[in-house]
Amino acid sequence: MRYLFAGILFIILSSLCCMEAFAEVVYANLPLSGKGYKPVANTCPEKLAPLSPDGSIPDNPLYKEWCINTFNNGEQIYKAYKEIAFDIDYQAEPPKTDYWQTPTETRQRKKGDCEDSVFLFFSQLSELDIDGDVVWGWVVDRDNSIAFAHVWYQLFDKHGRAYIVEGFSKEWNGIIPEEMVAGVEERAPTLMLRHSRVNDVTNNTTPQFTESFEDDQFLWGIYLNTASVVRDIFQKLQDMFTRYDGQQHQLTASIQRSTFSK
């Protein structure tokens with residue numbers, strides 16, 4: 001969503017005195033199992049094991065076709081979603097810990113939390129022209145009124161319809177029309193960073209923070225007037241992508257050495 005849920009933010013922020021107050025309440029505690037959005041009939045069992053007998057992630061040709069018909073670069077979006085839905089498990093971080101894994105680390109460990117899932121999803125699409133945003137914000141579950149911090153990916157289809165992308169479900173139900181999500185929860189974005197601008201963070205092209213957070217270098221939205229929070233997000237992004245770039249170079253060098261030695 002591209003506008004402020006002012007009332008929601010007021011309720012959330014007035015009821016929580018610090019980050020630790022909600023540290024143990026996470027989106028994975030409200031699983032998509034039996035929920036979400038299933039645009040096509042299942043071609044396989046309702047609940048799938050993360051891996052097939054041959055060690056590969058299970059496939060769904062109908063869902064792949066839906067992604068291709070619905071989104072630009074739909075085949076790549078399908079592949080990226082399949083990995084975060086089936087090949088990694090949710091793992092909460094220890095209290096007072098906020099380490100952002102690189103996509104390489106998440107892929108190796110096959111575990112992570114919400115931002116790790118988003119960065120892994122983004123990494124498969126980073127070089128493509130994708131209409132989407134990485135979003136930091138708050139989610140309020142309508143059933144139990146629990147509010148918690150979350151990071152998610154917002155994707156737009158060929159007609160501009162918004163979708164929320166969520167991982168960990170082990171089902172083909174995690175690319176959800178935004179209006180369906182709004183029926184069960186409220187989402188209040190704190191920071192929205194356009195897909196095309198995320199890589200700029202790696203190059204230390206961080207915005208200049210003013211009281212109004214104005215910066216025409218970035219197509220981004222600030223919905224919470226807390227400069228320290230935003231600075232912390234960008235610092236952690238820079239750190240994570242710097243480590244990821246180094247890991248990618250090491251992998252390339254290793255492949256080249258292996259090829260040369262044959």
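The values are calculated or read from the model by the stated rules, or taken from the named source; none is laboratory data. Predicted model only: the values in this text are computed from it and were never measured. As a convention, Cβ positions derive from the backbone with ideal geometry for all residues, glycine included, and neighbour counts pool all protein chains shown.
Output the residues belonging to the stretch 163-191 that are of a type in the set (A, V, I, L, M, F, W, C) and surrounded by fewer than 19 Cβ atoms within 10 Å (Cβ to Cβ). Reasoning before the result, please.
Taking the stretch 163-191 as the starting set, the residues that turn out to be of a type in the set (A, V, I, L, M, F, W, C) are 164-165, 168, 172, 175-176, 180-182, 184, 188, 191.
Passing the criteria: 180, 182, 184.
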Pick from the stretch 118-147, criterion assigned to a strand (DSSP E or B) and surrounded by fewer than 20 Cβ atoms within 10 Å (Cβ to Cβ), ranking: modelled with the lowest pLDDT: 141
Residue that is surrounded by the fewest Cβ atoms within 10 Å (Cβ to Cβ), among those in the stretch 78-98 that are out of contact with any Lys or Arg (no Cβ under 6 Å at 6 or more places or on another chain) and among the aliphatic types (A, V, I, L, M): 92
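Looking at the stretch 64-92, which of its residues are touching a residue at least 12 places away in the same chain (Cβ under 8 Å) and of a type in the set (A, V, I, L, M, F, W, C)?
Step one: filter the stretch 64-92 for residues touching a residue at least 12 places away in the same chain (Cβ under 8 Å), giving 64-67, 70-73, 76-92.
Within the stretch 64-92, 66, 67, 71, 77, 80, 84, 85, 86, 88, 92 meet the criteria.
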Any hit, the stretch 91-105, residues being closer than 28 Å to residue 184 by Cα, assigned to a strand (DSSP E or B) and touching a strand residue (DSSP E or B) at 6+ places or on another chain (Cβ under 7 Å): no
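Only one of 115, 65, 75 is among the acidic types (Asp, Glu), under 14 Å from the mean Cα position of the chain (by Cα) and part of a helix (DSSP H, G or I); which?
Values: 65 fails: under 14 Å from the mean Cα position of the chain (by Cα); 75 fails: under 14 Å from the mean Cα position of the chain (by Cα).
Only one candidate qualifies: 115.
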Tally of residues being in contact (Cβ under 8 Å) with a residue 40 or more places away in the chain, in a strand (DSSP E or B) and not charged (D, E, K, R) across the stretch 164-202: 10
Residue that is nearest to residue 237 (Cα to Cα) [pool: residues in the stretch 128-147 that are free of Cβ contacts under 8 Å to residues at least 60 places away in the same chain and within 18 Å of the chain's Cα centre (by Cα)]: 135
